[in-house]
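Below: the structure, in structure tokens.
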Protein chains: 2
Amino acid sequence: MHILVTNDDGVNAPGLLALAQAFRSLGAVTVLAPDRNWSASGHVKTMHRPLRVWETQLSDGTPALTTDGAPSDCVAIAILGMVEQPIDLVISGINPNANVGHDVTYSGTVTAAMEAAISGLPGFAYSIDSPSGHQGTTDYSTAAEVAVSVAGQVLSKPMPEKFILNVNIPYGNLEDIRGIAVTRQGLRIYRDALVEREDPRMRKYYWIGGDTPTGIAEPGTDFWALANHYVSVTPLTLDLTDSLMLPTIEGWNLKL
Amino acid sequence: MHILVTNDDGVNAPGLLALAQAFRSLGAVTVLAPDRNWSASGHVKTMHRPLRVWETQLSDGTPALTTDGAPSDCVAIAILGMVEQPIDLVISGINPNANVGHDVTYSGTVTAAMEAAISGLPGFAYSIDSPSGHQGTTDYSTAAEVAVSVAGQVLSKPMPEKFILNVNIPYGNLEDIRGIAVTRQGLRIYRDALVEREDPRMRKYYWIGGDTPTGIAEPGTDFWALANHYVSVTPLTLDLTDSLMLPTIEGWNLKL
């Protein structure tokens, strides 16, 4: 099996290294990841400028490719032929923060998995729920172990085409994790605020600031799973249609 | 009613001007749009750098604000207080090309509407299906008229919270449009190819190129509506959970 590994934190991120190392137990690993951090970058297809691709290596000496494109660009150009074919699985991460609730619409980690699915390949996005205000080095070892275990089990099942899994893993030791919960996307509560500053030339500029977002830990959701020390596994779709609203809007009988 | 107008093509785009002018018949219009083109930029939340905001004006003299942020940033900072409150409706466009099928996951036009919904406001994204290879000036007048008509009718209904409408309008004259079809997101067929070039210093670089994507015009989809000269109105959701897959994955009985 040939596994493409990417992320949105950049090719030098420790979460990528942990993922690349761990997935060698499942197959041949190729790394193609952005040369910088693309967090909260969304689903990008870079067509207005060309992309550069360089050879590099991870800190353990693993050969890797890096590009000035976005995470989804990495997946697109890899599948279009930049790396040896065929690719059987695309994995993305490990993101140092959970991608839960509406985060998934912004997440570069998740959009890499979405880009895989658009090309008909399974795409798995991995994130850990590291505690807010967490200091020091983040430990990805438990998450990497869980990531491989989940992938190994899922790959043995009859997967549908365009299969996207968003996997969020509690931070900590394996023995503190209670199990795996299949979840739906929960409701994020953002606490953003507009923060105004002035530069040395007295011109205003603005940060999107505010408090750390929270979420509603309704049973069955990704938030609930993490709050209860379960690994959260959410299947995602590329179809954004609000199917439940279709009959309502048809009933509105809109005219030109 | 106070209407925020943005887009992903930049504040000087003619599609934005057409939208801003047309929606004056529904309420007070405030324009806050990016200072450059953000096409295929995805759902962005810019938090790693501050945003600048300038006063500018549209080519008809309408005062406007512009920023170096993304379309979704425009909506976020407007709602967070950059423009006069309250805002009742966010509209985005008019995009010069259709946003159908998986395009919606990349579309800056659509993510602006998504950002509105995250803040609890209705967000309507408008695009026209201008013919591939279309030359010369694009005419937005029909689309702007349809956009206002759709918005006016929808706003008179009991809308749910977090309501996102993706509206695609056939290109041409009003009398050639057959009506309004409530649709689901169709299946895009991308025909991308990796195009290799060499710079004057003999170093390779890459374009995501290839042919114009097509789509499967299955009845009831956005593609079908446009192919049959209907305005396509698709309700979108922020919940990307693949609900149909949940029972299947639960049946897999995944273990740590």
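The values are calculated or read from the model by the stated rules, or taken from the named source; none is laboratory data. Just so it is clear, the model here is predicted, and its values are computed rather than measured. When we count neighbours, we look across all protein chains shown, and the Cβ atoms used for this are built from the backbone with ideal geometry, even at glycine. The accessibility values were calculated without ligands, DNA or RNA, using every heavy atom of the protein model including side chains. Shrake-Rupley method; radii C 1.70, N 1.55, O 1.52, S 1.80 Å.
What does the helix-only formula give at 222 nm for chain B: each DSSP H stretch with n ≥ 4 adding -39500 (n - 2.57), the total divided by the residues, and the result rounded to the nearest 500 deg cm²/dmol? The partial results should precede the final answer.
Details: 7 runs with 59 residues, N = 256.
About -6500 deg cm²/dmol.
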Checklist outcome for this item: Per the 1/(1 + (r/R0)^6) rule, R0 = 56 Å and r from the Cβ atoms of B:D139 and A:T212, FRET efficiency to 0.05 is 0.75
Checklist outcome for this item: Scalar couplings 3J(HN,Hα) for segment B:119-127 by Karplus 6.51 cos²θ - 1.76 cosθ + 1.60 (θ = phi - 60°), nearest whole Hz, x for Gly and Pro, are 8, x, 9, x, x, 10, 9, 10, 9
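From Cα pairs below 8 angstrom and at least 6 apart in sequence, can you work out the relative contact order of segment B:124-256, rounded to a whole percent?
On the way: 191 pairs, mean separation 36.4, N = 133.
Relative CO of segment B:124-256 lands at 27 percent.
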Checklist entry - How far is B:T56 from itself in the other copies, in nm, if each label sits 7 Å out from Cα along the Cα-Cβ line, shortest first? => result 3.3
Item to check | Residue closest to axis [chain B; rotation mapping onto A; Cβ; Å] | outcome: B:G42, 1
Item to check | Isotropic mean projected area of the C-alpha convex hull, segment A:66-195 (nm²) | outcome: 10.1
Checklist entry - What does a probe at B:E198 reach in segment A:21-51, counting residues whose amide N is under 16 Å from the point 7 Å along Cα→Cβ? => result none
Item to check | Shielding score for B:228-240, defined as the mean number of other chain Cβ atoms within 10 Å | outcome: 6
Checklist entry - In whole angstrom, how far apart do the alpha carbon centroids of segment B:210-246 and segment B:21-49 sit? => result 23
Checklist entry - What are the nm distances, shortest first, from A:T137 to its equivalents in the other copies, labels at 7 Å along Cα→Cβ? => result 6.4
Checklist entry - With springs only between Cα atoms under 10 Å, which of A:A20, A:A78, A:A217 fluctuates most in a Gaussian network model of chain A? => result A:A217
Next on the checklist: Taking 20 °C and 1.002 mPa s as the conditions, I'd like the Stokes-Einstein D for segment A:50-120 in µm²/s, using the Kirkwood hydrodynamic radius from alpha carbon pairs.
Outcome noted: 162
Item to check | Selection from B:A193, B:T237, B:Q135, by position along the positive dipole direction of chain B (Cβ) | outcome: B:A193
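What part of the accessible area of segment B:1-92, given as a whole %, is carbon or sulfur when the probe is 1.4 angstrom?
Numbers: 1700 of 3310 Å².
It is 51 percent, rounded to a whole number.
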Checklist entry - Can you list the GluC sites (Glu not before Pro) in segment B:135-184 that are in a DSSP coil and have 10 or fewer other beta carbons within 10 angstrom? => result B:E161
Next on the checklist: Given points 7 Å out from each Cα along the Cα-Cβ axis, report the B:S243 to A:R36 separation in nanometres with one decimal.
Outcome noted: 4.1
Checklist outcome for this item: Spelling it out for A:L121: with amide H atoms placed in the peptide plane at 1.01 Å from N, the residues 5 or more places away or on another chain with amide H under 5 Å from its amide H are A:K162
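Could you work out the local net charge near B:V233, counting Lys and Arg as +1, Asp and Glu as -1, over the other residues with Cβ closer than 10 Å to its Cβ? Please report the intermediate quantities before stating the final value.
Working: positive: none; negative: A:E250, B:D222.
Taking every other residue near B:V233 into account, the sum is -2.
Please average, across the residues of A:205-211, the number of beta carbons from any other chain that are within 10 Å of each residue's own beta carbon, and give a whole number.
Rounded to a whole number, the mean comes out at 6.
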Checklist entry - To one decimal in nm, how far is A:K204 from the same spot in the other copies, if labels go 7 Å from Cα toward Cβ? Please give the shortest first. => result 5.0
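Per-residue mean of other chain beta-carbon atoms within 10 angstrom of the beta-carbon, peptide B:172-182? Kindly include the intermediate steps, with their values, before the conclusion.
Details: counts 0, 0, 1, 1, 0, 1, 1, 3, 6, 2, 10.
Taking all residues of B:172-182 together, the mean is 2.
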Item to check | A versus B: buried accessible surface, summed, Å² (probe 1.4 Å, to nearest 100) | outcome: 7100
Checklist entry - To the nearest Å, what is the center-to-center distance of segment B:73-115 and segment A:100-153, using C-alpha atoms only? => result 27
Checklist entry - Once segment A:133-253 is represented by equal point scatterers at the alpha-carbon sites, with solvent omitted, what log10 I(q)/I(0) does the Debye formula produce at q = 0.10, 0.18, 0.19, 0.22 Å⁻¹? => result -0.53, -1.07, -1.13, -1.28
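Just order A:96-109, B:99-112 by mean Cβ neighbour count inside 10 Å, highest at the front, would you? All intermediate terms of the calculation are to be shown ahead of the outcome.
Details: A:96-109: 26.1, B:99-112: 28.3.
Taking the mean over residues of other Cβ atoms within 10 Å, the ranking is B:99-112, A:96-109.
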Item to check | Heavy-atom SASA rank of B:L121, A:L89 (probe 1.4 Å, accessible area, largest first) | outcome: B:L121, A:L89
Item to check | Normalised per residue, the volume of the convex hull around the Cα set of segment A:203-256 (Å³) | outcome: 240
Checklist entry - Quick one: with all protein chains in place, what share of the accessible area of segment A:112-227 is carbon or sulfur, to the nearest percent (1.4 Å probe)? => result 48
Checklist outcome for this item: Per the charge dipole of segment B:105-256 (beta-carbon charges, Lys/Arg positive, Asp/Glu negative, Cα centre), the residue among B:A116, B:G152, B:Y205 reaching farthest to the positive end is B:Y205
Checklist entry - Using unit Cβ charges (K, R positive; D, E negative) and no other charged atoms, how large, in debye to the nearest 20, is the dipole of chain A about its Cα centre? => result 460
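Over all alpha-carbon pairs in segment A:102-172, figure out the percentage whose distance exceeds 14 Å.
Values: 1577 of 2485 pairs.
Everything past 14 Å amounts to 63 percent.
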Checklist outcome for this item: Listed residues A:L187, A:L19, A:L80; largest mean-square fluctuation, Gaussian network over chain A with Cα springs below 10 Å, found at A:L80
Item to check | Anisotropy class of chain B from Cα gyration tensor, a/c 1.5 cut | outcome: rounded
Checklist outcome for this item: If unit charges are put on Cβ atoms (+1 for Lys and Arg, -1 for Asp and Glu) and the dipole of segment B:1-146 is taken about its Cα centre, the option from B:T6, B:W54, B:V100 lying farthest towards the positive end turns out to be B:W54
Next on the checklist: How long are the semi-axes of the equivalent ellipsoid of the protein assembly as shown, taking √(5λ) for every eigenvalue λ of the Cα gyration tensor, in whole Å from largest down?
Outcome noted: 36, 24, 24
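State to the nearest 20 debye the size of the charge dipole of the protein assembly as shown about its Cα centre, where the only charges are +1 on K and R beta carbons and -1 on D and E beta carbons.
Numbers: 32 positive and 54 negative charges, 43 e Å.
The calculation lands at about 200 debye.
Which whole-number percent gives the relative contact order of chain B, counting Cα pairs below 8 Å spaced six or more residues apart?
On the way: 561 pairs, mean separation 42.9, N = 256.
The normalised contact order for chain B reaches 17 percent.
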Checklist outcome for this item: Rounded to whole angstroms and listed largest first, the alpha-carbon spread of segment A:1-153 along its three principal axes comes to 38, 32, 28
